[in-house]
Structures are given as structure tokens and as C-alpha cells.
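This report concerns only the one structure given below.
Values in this text are rule-based calculations from the coordinates and carry no lab data. Note that this is a predicted model, so its numbers are computed, not measured. Virtual Cβ from ideal backbone geometry, glycine too; neighbours counted across all protein chains shown.
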Amino acid sequence: MTRSFPRVFAFVSVVSLIAMSTIAAACGKSAATEQPLSADLDLRYATTAAIPGDTINVRFVDVTADSRCPTSVQCVWAGEVTARFTVGGKDDVTLTLGASAATAHAIVRGKQMWLVAMKPYPASTGSPVKGDYVATLRFSSAND
């Protein structure tokens, strides 16, 4: 009986190694090929890009207002920035980042869309030029 133990142990070890390799390969393949829909997208003013994990495009159309408190200035109110986007070439979406989280969010084409940041911040010497604006958008499924 002592002689068969090494053979059984070797067989179980090989089978376990194959099973673990198969599971690891399957997990690695899935993670590498799928891009999450909830990834952030930095979009420069007047440019278009595909929504992460989707084929629908979003275009940064305009900054309609920027009342954010300039850097190096103390303000009573932080202010807001409002930007307009086009999703899928048809749907106009206006989002405002600032006082209310609800105004920075929209549901469009089955996706949730958030304006999570806008750069650059106004300086005490003046407002940014529109071409310098970069909006950070976040998307996820409307079912999330």
C-alpha cells in the first residue's frame, strides 16, 4: 500500500494543477477582454469619444456657465459649472456640477451619465478659454 500512495498523490496533484490553471486562465481572459462601462472618460471641449464599454459616442458641445470660485480666492459659495453634451449624435444633455448632485446626472440611451469633474478651474486672473476645458464623465448601465 505504501507504494501506491505516491502514485495517487502525484495523480491528484496533476489533476489539481490542471484545474487551477484552467480556472486562472478563464478568469484572466474575462478580465482582460472586458472594459467596464463605469470607467471614467476625460473629454476635451469640442471633441467626440466612444462611451467606455459601448459603441455610442458622446460629444462635449459647450460650457454654458462657469461660476466656480477661482483658485486662490475665498468665496462664500463654491459655484457651479454647466456643460452641454450630445450623446449618440441626437440626444442633448446638460449637466451642472456644483450645488446639487442631481443636476450632474442624467439617464440617456439606457445609460447613467455623470459629470464628475471639470478642468481647469477658474483662476483669479480670469476664466479658462473654452478650448482648455476637459470634462470627466462617468457612465454606467441605467439598471445599476
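Tabulated data for the structure shown
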{"item": "Residues of the stretch 106-129 that turn out to be under 24 Å from A50 (Cβ atoms) and surrounded by 17 or more Cβ atoms within 10 Å (Cβ to Cβ), as a count", "result": "8"}
{"item": "Evaluation of C69 against (1) of a type outside the set (F, W, Y); (2) part of a strand (DSSP E or B); (3) in contact (Cβ under 8 Å) with a residue 24 or more places away in the chain; (4) surrounded by 15 or more Cβ atoms within 10 Å (Cβ to Cβ) (one fails), failing number", "result": "(2)"}
{"item": "Any hit, the stretch 32-45, residues being under 17 Å from the mean Cα position of the chain (by Cα), assigned to a loop (DSSP other than H, G, I, E, B), charged (D, E, K, R) and surrounded by fewer than 16 Cβ atoms within 10 Å (Cβ to Cβ)", "result": "yes"}
